[in-house]
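Enquirer: One structure is given below, represented as structure tokens, and several questions about it will come after.
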Amino acid sequence: MTDRLDIDTASVFDNLDERQVEFAGEVDGELIRFAVRHDLLEALSGTRPDGDAVALFTRHADPIADAALAALGRDRGVELVVVSENDLA
């Protein structure tokens, strides 16, 4: 299992329609697309994202990267790896 995800900070954006923050990250030289549900941001921060989801994402980038790696282990090969509260360690 891979233990490092490098988040491309320029790719981070809040997809309000889907209630998730989407981003790209490099794992073992491969660029992979991820989506972090707003519920996960709320679980990490204790506040509901309300126009500040990208700021919450940035503030909690380390645990999000760990959760994204867990989600990738479960869903490798999909077009968009969705990271949820279940992926938190």
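Conditions tested, residue by residue: (1) out of contact with any Ser or Thr (no Cβ under 9 Å at 6 or more places or on another chain); (2) among the aliphatic types (A, V, I, L, M).
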| site | (1), (2) |
| --- | --- |
| Ala10 | yes, yes |
| Val21 | yes, yes |
| Val27 | no, yes |
| Ala43 | yes, yes |
| Arg76 | yes, no |
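Enquirer: Among the numbered conditions (1) surrounded by fewer than 20 Cβ atoms within 10 Å (Cβ to Cβ); (2) without any contact (Cβ under 8 Å) to a residue 60 or more places away in the chain; (3) of a type outside the set (S, T, N, Q), tell me where Val82 comes up short.
Expert: For Val82, the failing item is (2).
Enquirer: Just to be sure before I move on: is Asp8 of a type outside the set (Phe, Trp, Tyr) and modelled with pLDDT under 95 in the structure I sent?
Expert: Numbers: of a type outside the set (Phe, Trp, Tyr): yes; modelled with pLDDT under 95: no.
Considered against the rule, which asks whether it is of a type outside the set (Phe, Trp, Tyr) and modelled with pLDDT under 95, Asp8 comes out as no.
Enquirer: Also: Would you mention how many residues in the stretch 55-64 are farther than 23 Å from Val78 by Cα and surrounded by fewer than 18 Cβ atoms within 10 Å (Cβ to Cβ)?
Expert: Of the residues in the stretch 55-64, 4 are farther than 23 Å from Val78 by Cα and surrounded by fewer than 18 Cβ atoms within 10 Å (Cβ to Cβ).
Enquirer: So, one more: Quick check on my filter: what residues within the stretch 1-40 are open to solvent by 30 Å² or more (accessible area, probe 1.4 Å), under 19 Å from Arg76 (Cα atoms) and outside any loop (DSSP other than H, G, I, E, B)?
Expert: Asp6, Ile7, Asp8, Glu26, Glu30, Leu31, Arg33, Arg37
Enquirer: Here is a further query. Have a look at Asp52, Asp66 and point out the one that is within 13 Å of the chain's Cα centre (by Cα) and of a type in the set (D, E, K, R).
Expert: Working: Asp52 fails: within 13 Å of the chain's Cα centre (by Cα).
None of the others qualify; the one that does is Asp66.
Enquirer: Give the stretch 64-88 a look and list any residue that's closer than 20 Å to Asp8 by Cβ and in contact with a helix residue (DSSP H, G or I) (Cβ under 6 Å, 6 or more places away or on another chain), or say none.
Expert: Passing the criteria: Ala67, Ala70, Ala71, Val81, Val83, Asp87.
The values are calculated or read from the model by the stated rules, or taken from the named source; none is laboratory data. Remember, predicted model here, so these are calculated numbers, not experimental data. Methodologically, a virtual Cβ is constructed for each residue, glycine included, from the backbone with ideal geometry; neighbour enumeration extends over all protein chains shown. Accessible surface is based on the protein model in full, side chains and every heavy atom, while ligands, DNA and RNA are left aside. Shrake-Rupley method; radii C 1.70, N 1.55, O 1.52, S 1.80 Å.
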